[in-house]
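Chemist: Here it is, the structure in full.
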Amino acid sequence: MITTTITESEFEDLKVGGTEVNYFIVCPRKLWLYAHRLQLESSSDRVGLGKLLHEEAYPREQKHELLIDSLIKIDVMEGSGKVVEVKHSQGIKKAGQLQVLYYLYYLKRKGLTGLTGELRFPRQRRTESVELTASEEQDVEHTLREVEKVRQLPMPPAAEWKGTCRSCAYAEFCWG
Ligand code: SF4
């Protein structure tokens, strides 16, 4: 039984992809642009690097890629039942953590409990465990509501320069 403050019908309205949750932490403007289909990601070298790292981050392990509700794609490792997300940098670790927590939360709502999460940083040869506690669930739910507020804005939030702008696919759009 899920103990949550978000009802099923509210969740149907609030659910988004993991990328949106990640971008909410990275930059609300980036979230808005992405959510409004200004998706420049495939042209970004940094994104290409992320995809390559993702492919190479599972040298000997078997994984199942779950596509749920045609919305979120989750890698679950066989045997351990771990939900794994690969990141090329630890720069905005909180964004990756929240993304994995959202996946665990989403799966829990689907009745898949007892899973754990793991962030992998292959370039730094580091991994980090992620666990969905009651307080993390509240954090995820709060984030989903905030993501929705940003998505509903009539215009994107103003650009604010930050370190991540250098490697952002929207840098030219914001600062060019
Ligand atoms: S370039 Fe900077 S301000 Fe613009 S969307 Fe990317 S992170 Fe946000």
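The values are calculated or read from the model by the stated rules, or taken from the named source; none is laboratory data. Keep in mind that what you see is a predicted model, and the values were worked out from it rather than measured. In this analysis, Cβ positions are derived from the backbone assuming ideal geometry, glycine residues included, and neighbour counts consider all displayed protein chains.
Chemist: Can you confirm whether residue 107 is modelled with pLDDT of 85 or more, surrounded by 18 or more Cβ atoms within 10 Å (Cβ to Cβ) and either of a type in the set (Lys, Arg) or in a helix (DSSP H, G or I) (or both)?
Modeler: On the way: modelled with pLDDT of 85 or more: yes; surrounded by 18 or more Cβ atoms within 10 Å (Cβ to Cβ): yes; either of a type in the set (Lys, Arg) or in a helix (DSSP H, G or I) (or both): yes.
Yes; evaluated as a whole, the condition is true for this residue.
Chemist: Further, regarding this structure: Within the range 151-173, which residues are assigned to a helix (DSSP H, G or I) and under 19 Å from residue 93 (Cα atoms)?
Modeler: Quick first cut of the range 151-173, residues assigned to a helix (DSSP H, G or I) only: 151-152, 163-167, 171-173.
Matches in the range 151-173: 163, 164, 165, 166, 167.
Chemist: Further question on the same structure: Quick test of your reading of the structure: residue 170 fulfils all but one of (1) hydroxyl-bearing (Ser, Thr, Tyr); (2) away from the ligand (no atom under 16 Å from the Cβ); (3) out of contact with any Gly (no Cβ under 7 Å at 6 or more places or on another chain). Name the failing condition by number.
Modeler: Looking at each condition in turn, residue 170 falls short on (2).
Chemist: I've got another one for you. Could you identify the single residue in 128, 148 that is under 26 Å from residue 36 (Cα atoms) and either among the acidic types (Asp, Glu) or part of a strand (DSSP E or B) (or both)?
Modeler: On the way: 128 fails: under 26 Å from residue 36 (Cα atoms).
From the options 128, 148, the qualifying one is 148.
Chemist: Residue 66 fails exactly one of the following numbered conditions: (1) surrounded by 15 or more Cβ atoms within 10 Å (Cβ to Cβ); (2) more than 16 Å from the ligand (Cβ to nearest atom); (3) part of a helix (DSSP H, G or I). What is the number of that condition?
Modeler: (3)
Chemist: Being near the ligand (Cβ under 9 Å from one of its atoms) and either farther than 20 Å from residue 86 by Cα or out of contact with any strand residue (DSSP E or B) (no Cβ under 8 Å at 6 or more places or on another chain) (or both) narrows it down to one of 149, 162, so name that one. Spell out the reasoning first.
Modeler: Details: 149 fails: near the ligand (Cβ under 9 Å from one of its atoms).
The conditions single out 162.
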